[in-house]
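For reference, the structure is listed below as structure tokens.
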Amino acid sequence: MISNKIDKIELGFLQFEDYMVLKDVMVAAYSTMPEAYWKEHHIKTLLDKFPEGQVVVKVNGQIAGCALSIIVQYDKFDDNHTYRQITGDYTFNTHTNEGDVLYGIDVFIKPEFRGLRLGRRLYDYRKELCEKLNLRGIAFGGRIPNYHEYAKELSPKEYIDKVRTKEINDPVLNFQISNDFHPTRIIKGYLEGDEASNEFAVLLEWDNIYYEKAAEKVVAKKTVVRLGLIQWQMRRYNDVDSLMQQAEFFIDAVSGYRSDFALFPEFFNAPLMAKNNHLSEADAIRELAKHTEEITQRFSDFSISYNINIIAGSMPELRDGKLYNVGYLCKRDGSVERYEKIHVTPDEAKVWGMQGGKDLKVFDTDCGKIGILICYDSEFPELSRLLAEDGMDILFVPFLTDTQNGYSRVRNCAQARAIENECYVAIAGSVGNLPNVHNMDIQFAQSMVFTPCDFAFPTNGIKAEATPNTEMILIADVDIDLLRELHQFGSVRNLKDRRTDLFELKKKG
């Protein structure tokens, strides 16, 4: 029996000279299969091939448990592999330092030490080792030793479902699920002689959220991304040159702080309509659309010369005689991508005859995957959810609102998008007034960066906020790795916990 006093619990690497003690631990741990312990040559082979993967936990200096593992090239094995196959007929010649998955060969705890959560320490070590070696995950076949009691009435799948819903207590499977391992399939005939499990096993996997696949290009992957939001003052500009001179001033400012993105507001170029006040509103904005191509090209030039990705707010654009509200993502590698406003406001449709777009997609950048929704589109949660399902980390919302009521709609909806999609959301708008431009008289804005609401983020979900109705820039850093941790270990997991068995969301066409 273990002493009531525990002076020390420690992890250490397994040593070959510990074999006889280890054998006693194995025999005690596998009392129902007394001949199932590993022989000396097995342990020696594991230590020769992968000493870092063989670890013991000691209580008061006495070996209490052990974890054995190898590295395999996982795609070389069928999903229905057996224990004999994955271990190379127990030779462990399937181990390779060039593999991508840490495969758990065994974990056992001596009975008198159970209840001390020693197994959790061994599993935590495996996770840390997996991250350290940049492997994409951990896998192993988990026994279901209580299944034989239910085999006549339940299939293995039904048994596992009942374990998940706590209708049946399976201490082995419960322990693995509580340690963030998820069942992926049932394997028949996994371990020969495992009568308690009827030779069934559950293939369990754990995903390394920090895994980085070897890049074919020489690129520096950023995890902390700096956002530069431009709270734009509406003022009179005589021509495109003067407008772009002011735009370059702000780009120079945010790039001087080494920002990765510059975000402009919706219709930031509206002041150019002043000279067309003699026309109807619909004709005036079509005249404005004639400048969109030139402005986009200049933004693209700026993105290269200032080494910054520019989200060019939005501008009117004529295509095949139809008017759209569009924007362009000008990347610092010189490429340019287009995005559209899907939902136009009643005023845009009535006064300008503007059409809603159809193109919705996530953009790959050197700072990860981003989404862009123009103003009103942020008020439709389906759009950002579709982007989140495609891997979006940051959502940018260029907006234009004239009243505080309109701003509040955009602001509150944008913050909701950050929470429900577990992403960052940056919004930027215009301030001031344009008394000489019809239908663009006044502006109200407060640019902000929102985060999810969990322990790693601000308690109010606000990373940074500009002064309302003041021309300025807002700089904020966002950490993409914090999103990965949130997705896996958050207090709540809005993306993972969706009841996709009851509902689904998908794009048409």
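Every condition in (1) in contact (Cβ under 8 Å) with a residue 40 or more places away in the chain; (2) in contact with a Phe, Trp or Tyr (Cβ under 8 Å, 6 or more places away or on another chain); (3) closer than 24 Å to residue 145 by Cβ holds for residue 52 except the one numbered (3). When each of 378, 408, 384 is tested for being surrounded by fewer than 23 Cβ atoms within 10 Å (Cβ to Cβ) and polar (S, T, N, Q), the lone residue that passes is 408.
Residues are listed down the side, and each one gets a yes or a no for (1) modelled with pLDDT under 95; (2) part of a loop (DSSP other than H, G, I, E, B); (3) more than 28 Å from residue 181 (Cα to Cα); (4) of a type in the set (Val, Ile, Thr):
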residue	(1), (2), (3), (4)
445	no, yes, yes, no
452	no, yes, no, no
458	no, yes, yes, no
478	no, no, yes, yes
500	yes, yes, no, yes
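In segment 320-330 there is no residue matching the filter, namely being over 28 Å from residue 438 (Cβ atoms), in contact with a Cys (Cβ under 7 Å, 6 or more places away or on another chain) and at pLDDT 95 or above.
Scanning segment 418-443 for residues that are more than 31 Å from the chain's Cα centre (by Cα) and either modelled with pLDDT of 95 or more or not in a loop (DSSP other than H, G, I, E, B) (or both) yields a total of 5. The residue that is nearest to residue 281 (Cα to Cα), counting only those in segment 317-331 that are in a loop (DSSP other than H, G, I, E, B) and without any contact (Cβ under 8 Å) to a residue 24 or more places away in the chain, is 321.
A quick yes/no check of all residues on (1) aliphatic (A, V, I, L, M); (2) in the same structural domain as residue 120 (by TED's automatic domain parsing); (3) over 30 Å from residue 302 (Cα atoms):
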{"site": "158", "(1), (2), (3)": "no, yes, yes"}
{"site": "164", "(1), (2), (3)": "no, yes, yes"}
{"site": "175", "(1), (2), (3)": "no, yes, yes"}
{"site": "181", "(1), (2), (3)": "no, yes, yes"}
{"site": "190", "(1), (2), (3)": "no, yes, yes"}
{"site": "239", "(1), (2), (3)": "no, no, no"}
{"site": "247", "(1), (2), (3)": "yes, no, no"}
{"site": "253", "(1), (2), (3)": "yes, no, no"}
{"site": "258", "(1), (2), (3)": "no, no, no"}
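Each row is one residue, and each column tells you yes or no for (1) in a helix (DSSP H, G or I); (2) modelled with pLDDT under 95; (3) not assigned by TED's automatic domain parsing to the domain that holds residue 261.
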site: 291; (1), (2), (3): yes, no, no
site: 295; (1), (2), (3): yes, no, no
site: 304; (1), (2), (3): yes, yes, no
site: 315; (1), (2), (3): no, no, no
site: 333; (1), (2), (3): no, yes, no
site: 338; (1), (2), (3): no, no, no
site: 344; (1), (2), (3): no, no, no
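Restricted to strands (runs of 3 or more DSSP E) entirely inside segment 26-119, those with at least 2 residues that are under 31 Å from the mean Cα position of the chain (by Cα) are 62-72, 101-109. Of all the listed residues (463, 507), the sole one being modelled with pLDDT under 95 and either within 21 Å of the chain's Cα centre (by Cα) or assigned to a loop (DSSP other than H, G, I, E, B) (or both) is 507.
Being surrounded by 17 or more Cβ atoms within 10 Å (Cβ to Cβ) and in contact (Cβ under 8 Å) with a residue 12 or more places away in the chain narrows it down to one residue among 209, 187; which is it? So the residue among 209, 187 that is surrounded by 17 or more Cβ atoms within 10 Å (Cβ to Cβ) and in contact (Cβ under 8 Å) with a residue 12 or more places away in the chain is 187.
The values are calculated or read from the model by the stated rules, or taken from the named source; none is laboratory data. Everything numeric here is computed off the predicted structure, so don't read it as measured data. For neighbour counting, all protein chains shown are included, and Cβ atoms are generated from backbone atoms with ideal geometry for every residue, glycine included.
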